[in-house]
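The values are calculated or read from the model by the stated rules, or taken from the named source; none is laboratory data. Just so we're clear, the structure is a prediction, and the values are computed from it rather than from any experiment. Please note: Cβ atoms are built from the backbone with ideal geometry, for glycine as well, and neighbour counts cover all protein chains shown. These area figures cover heavy atoms from the full protein model, side chains too; ligands, DNA and RNA do not enter into them. Shrake-Rupley method; radii C 1.70, N 1.55, O 1.52, S 1.80 Å.
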Amino acid sequence: MGPERTDALPAAPSPAGLRLHGLSVDGVNQCVHCGLCLSACPTFSLLGTEMDSPRGRIVLIKSLAEGRIDLTDSAVEHLSLCLDCRACETVCPAGVPYGRLIEAARAEIERQRPGGPVRRSVRWLNFGLLLTSPRALALVAAALRLYQVTRLQRLVRASGLLRILPGTLAAWEALLPPLPPAADRAPLPEQIPAAGARRARVALLTGCVQQAVFGAHNRATASVLAKNGYEVVIPRGQGCCGALHAHGGDRARAGALARQTIATFEQAGAEAVVVNTSGCGAHMKGYWHLLADDPAWAARARAFSLSVRDISEQLAREPLRG
Ligand code: SF4
Ligand code: SF4
């Protein structure tokens, strides 16, 4: 990775700033309550209630951090309904870092209300096993592919079996994307040479769910980079970037996956880490904030965040070839 440009990131959060059980929510004070974010928010557009808008949720988070309200059922519901899409952050003229605020709130919800054994088991299955183990995820993807390409899926749907599944499992089944064939899900080669004169060496994040569901997109991304003169390295040992854990309030695993991702990509000796999944890219650009309170990792996280580029940012740096 290139040298750290410490001027390109904001200062680390102050230990004396406003915190929600140790997590910085200083950004709440940047909100000037102008309401310009309201029309960009899908939950406000649908529900029309102030507490389901970014501005309302910011007031809730500030009040929680200042100890003026408790985490009631109603507060949990308004905070949980947020999609963490960060559309509000994009349009905010005051630069409120909304994504970081809602992630701190989600962590607080999990701390205070971890739920019963069933909920905790489902969370462990998703966050602790599937998303942290590429092998387990590959097995599940293969099983789901089989379920979809045989008559089993049609049989299950026609039988009414889904109606008796507990919780939201039936809704999950309906949302299943078509799983690609094994050739698309297979890992990419570790290194792909640049076509023509080499411009730079970049490392590609192939991700967790991305490789299982959209492996063909990863291959296309690597191919476009190579055709544009980039030597592409796909580090073995990479996995989930931890974005889903951070969105879901699992701060400890999000931090562990961030450290693992940084260590893996540091070994690649690449100028940049290229990402074709905007959610992962946005999260990895924020590792500097996630690990700001960890003295052993803060500087490495800042250097890493500065090296993360969306595929469009990488390609826009030089004239396109071909
Ligand atoms: S979050 Fe930004 S856009 Fe929304 S009310 Fe606050 S300052 Fe205005
Ligand atoms: S992140 Fe939450 S509050 Fe912001 S626009 Fe999306 S749903 Fe609305």
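A few comments on the model shown:
Every residue, every condition in (1) in contact with a Cys (Cβ under 8 Å, 6 or more places away or on another chain); (2) within 16 Å of ligand 2 (Cβ to nearest atom), yes or no:
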residue: ALA16; (1), (2): no, no
residue: GLN30; (1), (2): no, yes
residue: LEU47; (1), (2): no, yes
residue: ILE58; (1), (2): yes, yes
residue: LEU64; (1), (2): no, yes
residue: ASP84; (1), (2): no, yes
residue: VAL91; (1), (2): yes, yes
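- Within the option set ALA171, ALA194, being open to solvent by less than 60 Å² (accessible area, probe 1.4 Å) and assigned to a helix (DSSP H, G or I) holds for one residue only, ALA171.
- Against the numbered list (1) of a type in the set (Val, Ile, Thr); (2) in a loop (DSSP other than H, G, I, E, B); (3) modelled with pLDDT under 95, ILE69 comes up short only at (3).
- Inter-residue pairs, beta-carbon under 9 Å, first assigned to a helix (DSSP H, G or I) and in the stretch 41-62, second among the basic types (Lys, Arg) and more than 9 Å from ligand 2 (Cβ to nearest atom), 6+ apart: LYS62/ARG68
- Residue in the stretch 17-24 that is in contact with a Pro (Cβ under 9 Å, 6 or more places away or on another chain), assigned to a helix (DSSP H, G or I) and not small (Gly, Ala, Ser) present: no
- The set of residues from the stretch 24-82 being open to solvent by less than 40 Å² (accessible area, probe 1.4 Å), over 22 Å from the mean Cα position of the chain (by Cα) and near ligand 1 (Cβ under 9 Å from one of its atoms) comprises CYS31, GLY35, LEU38.
- Scope the stretch 226-276; condition buried (at least 20 other Cβ atoms within 10 Å of the Cβ) and among the β-branched types (Val, Ile, Thr); matching residues: VAL232, VAL233, THR261, ILE262, VAL273, VAL274, VAL275
Yes/no per residue for (1) in the same structural domain as ALA292 (by TED's automatic domain parsing); (2) acidic (Asp, Glu); (3) farther than 19 Å from ALA246 by Cα:
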| site | (1), (2), (3) |
| --- | --- |
| ALA16 | no, no, yes |
| CYS34 | no, no, yes |
| CYS37 | no, no, yes |
| LEU47 | no, no, yes |
| ALA65 | no, no, no |
| ILE69 | no, no, yes |
| HIS78 | no, no, no |
| ASP84 | no, yes, no |
